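Everything on this sheet refers to the single structure shown next.
The values are calculated or read from the model by the stated rules, or taken from the named source; none is laboratory data. Everything numeric here is computed off the predicted structure, so don't read it as measured data. Quick reminder, even Gly has a Cβ in these numbers, built from the backbone with ideal geometry, and neighbours come from all protein chains shown. Accessible surface areas use protein heavy atoms only, side chains included; no ligands, DNA or RNA. Shrake-Rupley method; radii C 1.70, N 1.55, O 1.52, S 1.80 Å.
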Amino acid sequence: LTRMTNKCCLRVGEQSLVKRVVSLLQDNQVQDIKIITGHCAERVQEEVGPQAQYIFNPLYHSIGILFGVWLAKYQLSNERFVLSTADHFFHPQILQPFLNKTGDVVVAVKRKHCTAEDVKVVVEDDRIVLFEEDIPAARAVGEFGMLVLFNSPAVSRVFFETVERFLANQQHKSRLIDALNNMIQQGYTFTPYFFDEH
């Protein structure tokens, strides 16, 4: 299905996944949208059009997601912003309460019994303490919902500084959750937003 297109361009009903995420964000007053492209970049731009600005990752085929995220540093490191992988499906009703939740970083979490391939979330005292795939499912409260809200310019700067450190240390294949776990270790508060019903 994705050999000739990007996963985010796959349609569910009348809309592609990425177009739906962009529309939902705009409906909730998130207007300044940046899309980091790689595989089939032109197809993504055709799908969304002028509703977003595009940042092309020329190394998408050989390097991990963190380099692509880092390319948005100069546009987003002093902004409160939402990070979405834009290739997932979620109910519109989760977005407004998610955007209004307080905490340094807010993360959407689907409360469920996890399977081996899920990115699991461990929560203690109403705070996320770990994101990881390779842990026993019993430790996890649910699955990472692929929406992250960096709630202030200061926290955004720390996120991009953390990503930059990973890249400077040649950790190009590091995952997004590695950077998030590092921020938890630095003492930043990660608050789960549970979307059990949606």
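Run the accessible area of segment 22-69 with a 1.4 Å probe and give the carbon-and-sulfur part as a rounded percent. Walk me through the numbers on the way to the answer.
Working: 1320 of 2500 Å².
It is 53 percent, rounded to a whole number.
Which value in nm describes the separation of the simple spin-label points at residue 46 and residue 189, placed 7 Å from the Cα toward the beta carbon?
Result for the modelled spin labels: 4.7 nm.
Which length gain, in nm to one decimal place, applies between residue 91 and residue 31 when the Cα-Cα distance is subtracted from 0.36 nm times their residue separation?
19.7 nm
I'd like the Karplus ³J(HN,Hα) series for segment 104-109: coefficients 6.51, -1.76, 1.60, θ = phi - 60°, whole numbers in Hz, and an x wherever there's a Gly or Pro.
4, 9, 10, 10, 6, 10
Looking at segment 1-44, which trypsin sites (Lys or Arg not before Pro) are DSSP coil and have at most 15 other C-beta atoms within 10 Å of their C-beta?
Filter output for segment 1-44: 3.
Can you list residues whose amide H is under 5 Å from residue 130's amide H, if they're 5+ apart or on another chain and H is modeled 1.01 Å from N?
Result for residue 130 returns 122.
Working with all protein chains in place, sort 152, 62 by solvent-accessible area computed with a 1.4 Å probe, largest first.
Values: 152 35, 62 60 Å².
Listed by decreasing accessible area, they come as 62, 152.
Taking segment 69-198, how many lysine pairs are there with alpha carbons less than 20 Å apart, if each pair must be eight or more places apart or span two chains?
Within segment 69-198, the lysine pair count is 5.
Can you run phi through the Karplus equation (6.51, -1.76, 1.60; θ = phi - 60°) for segment 128-134 and list ³J(HN,Hα) in whole Hz, with x for Gly and Pro?
6, 10, 6, 10, 6, 7, 8
Residue 61 versus residue 15, label points 7 Å from Cα toward the beta carbon: distance in nm?
The two pseudo-label positions are separated by 3.2 nm.
Summing -39500 (n - 2.57) over the DSSP H runs of n ≥ 4 in the chain and dividing by its residue number, what mean residue ellipticity at 222 nm do you reach, to the nearest 500 deg cm²/dmol?
Mean residue ellipticity, 222 nm, calculated: -8500 deg cm²/dmol.
Which FRET efficiency value, to the nearest 0.05, is calculated for residue 100 and residue 164 with the Förster distance at 35 angstrom and r the Cβ-Cβ distance?
Working: r = 30 Å, r/R0 = 0.85.
Efficiency, rounded to the nearest 0.05: 0.75.
Ignoring ligands, DNA and RNA, what accessible area per residue does segment 1-138 give at 1.4 Å, in Å²?
With the other protein chains kept in place, segment 1-138 gives 55 Å² per residue.
With the full set of protein chains in place, find how many percent of the accessible area of segment 116-198 is carbon and sulfur; take the probe as 1.4 Å.
Numbers: 1820 of 3960 Å².
Here carbon and sulfur together make up 46 percent of the probe-accessible area.
Once you put a point 7 Å from the Cα of residue 138 and another 7 Å from the Cα of residue 5, both along the Cβ direction, what distance in nm separates them?
4.3
Using the Karplus curve 6.51 cos²θ - 1.76 cosθ + 1.60 with θ = phi - 60°, work out ³J(HN,Hα) for each residue of segment 65-74 in order, rounded to whole Hz, and write x for Gly and Pro.
Those phi angles translate into 5, 5, 5, x, 4, 4, 4, 8, 3, 6 Hz.
By its C-alpha gyration tensor, with a ≥ b ≥ c as the square roots of the eigenvalues, how is segment 101-198 shaped: rounded for a/c under 1.5, else prolate for a/b larger than b/c, else oblate?
Taking the square roots of the gyration eigenvalues as a ≥ b ≥ c, segment 101-198 is oblate.
Tell me which residues come under 5 Å, amide H to amide H, from residue 81 once H is placed; ignore anything under 5 positions away on its chain.
Under 5 Å from the amide H of residue 81: 150, 152.
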